[in-house]
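Step one of this worksheet: look at the structure below.
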Amino acid sequence: MTAQMHIREVNSMFADERKKVRERYKEYDGCYLGHYAQWFFWFFFSIGIFVVAGVVGMMIAQSYGK
C-alpha cells in the first residue's frame with residue numbers, strides 16, 4: 001500500500017513540474033522560444049529585410065543613373 005502512495009506522490013510531483021515548465025515556456029506563435037528571444041529574432045530579421053531592400057534599391061538607382 002505504501003508503494004502505491006509513493007507512486008501517486010511521485011506522479012503528482014511530475015504533473016506539477018510539467019505545469020511549471022509549460023507555464024515557463026509558453027508557446028508563442030508555434031515556436032517554443034521565450035518571448036524575448038522571439039522579439040530578438042524578429043528585430044534582426046526585419047533589419048535584414050530593410051538592408052537587403054535598400055541595397056537592391058541602390059543598385060536599381062545606380063543602373064538608372066548611368
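From the residues in region 1-24 that are farther than 30 Å from His35 by Cα and not aliphatic (A, V, I, L, M), which one is modelled with the highest pLDDT? Restricting to residues being farther than 30 Å from His35 by Cα and not aliphatic (A, V, I, L, M), the top hit is Glu9.
For region 29-48, state whether one or more residues are in a helix (DSSP H, G or I), aliphatic (A, V, I, L, M), surrounded by 10 or more Cβ atoms within 10 Å (Cβ to Cβ) and at pLDDT 85 or above. Scanning region 29-48, I find at least one residue that is in a helix (DSSP H, G or I), aliphatic (A, V, I, L, M), surrounded by 10 or more Cβ atoms within 10 Å (Cβ to Cβ) and at pLDDT 85 or above, so the answer is yes.
The values are calculated or read from the model by the stated rules, or taken from the named source; none is laboratory data. Keep in mind it's a predicted model, so treat the numbers as computed, not measured. FYI the Cβ positions are ideal-geometry reconstructions off the backbone, even for glycines, and counts take in every protein chain you see.
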